[in-house]
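Encoded as structure tokens, the structure appears first; notes follow it.
The values are calculated or read from the model by the stated rules, or taken from the named source; none is laboratory data. For clarity, every value in this text was computed on a predicted model and none was experimentally measured. Because the Cβ atoms are built from the backbone with ideal geometry, glycine has one as well, and the counts that use them run over all protein chains shown.
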Amino acid sequence: MATGVPTIERHVRSSWSLPLFASIASLAFVLAAVTDPTPGLSLAAEQVEAPAAPDSQTFVASDEHSISVERTEWTTSRVVTYGVAPAAGTPDPGTAQAIAADMVAARGWSTTEFDCLVSLWNKESGWNVYAHNKSSGAYGIPQSLPGTKMASAGADWATNPSTQITWGLGYIQARYGTPCGAWAHSQRVGWY
């Protein structure tokens with residue numbers, strides 16, 4: 001070797017490093033392609049269309065290493081579930097729930113909306129006309145804050161379930177559109 005000529009050292013790659021890298025990269029690609037990135041994600045009871053997916057995918061890590069992934073079924077749509085409540089059934093005559101069922105039907109809302117309302121107000125007040133939240137001051141079946149807001153539906157707001165329900169349904173319609181909209185909001189954030 002001549003003096004004064006710089007020597008170039010080459011890094012020698014181990015014979016196993018490229019196949020190992022290709023395998024890890026392929027596995028990462030496969031996991032990203034076949035796992036759901038949004039497990040448990042749900043929105044307010046609507047149909048969500050997923051983009052069309054190919055029948056197979058191929059990932060090439062190098063000229064001599066490749067992996068092919070095939071999936072026999074692709075999901076093209078999914079139904080998401082916030083806003084859906086369990087069936088409430090038929091309320092006992094004369095109860096606050098029976099009054100609410102009639103008012104929900106009079107507004108043209110479905111029994112599904114009534115189911116959401118039952119779940120919402122079970123959570124909020126247990127349908128107790130005298131329910132009072134000591135920490136917030138919310139009052140009545142719909143947990144109006146302050147309770148005096150319900151006076152716009154009647155002077156007997158503090159004791160009459162019909163007055164409270166009338167006010168509560170008006171509030172829900174104005175703010176959330178429907179009881180299922182209010183129930184979905186309550187499920188997401190803990191209040192409506």
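So the values come out like this:
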{"item": "Test: residue in segment 144-155 that is within 17 Å of TRP183 (Cα to Cα) and modelled with pLDDT of 95 or more", "result": "yes"}
{"item": "Members of segment 92-115 found to be touching a residue at least 24 places away in the same chain (Cβ under 8 Å) and either closer than 10 Å to CYS180 by Cα or assigned to a loop (DSSP other than H, G, I, E, B) (or both), listed by number", "result": "THR95, ARG107, TRP109, THR112, GLU113, PHE114, ASP115"}
{"item": "Residue within segment 120-127 that is within 16 Å of SER162 (Cβ to Cβ) and among the polar types (S, T, N, Q) present", "result": "yes"}
{"item": "Residue that is free of Cβ contacts under 8 Å to residues at least 24 places away in the same chain and assigned to a helix (DSSP H, G or I), where the choices are SER136, SER152", "result": "SER152"}
{"item": "Residue pairs meeting the criteria (Cβ under 7 Å; at least 6 apart or on separate chains; first without any contact (Cβ under 8 Å) to a residue 40 or more places away in the chain, in segment 176-192; second not aromatic (Phe, Trp, Tyr))", "result": "TYR176/ALA182; TYR176/HIS185"}
{"item": "Test result for GLY181, buried (at least 16 other Cβ atoms within 10 Å of the Cβ), of a type outside the set (Val, Ile, Thr) and over 19 Å from the mean Cα position of the chain (by Cα)", "result": "no"}
{"item": "Residue among VAL129, VAL118 that is part of a loop (DSSP other than H, G, I, E, B) and buried (at least 16 other Cβ atoms within 10 Å of the Cβ)", "result": "VAL129"}
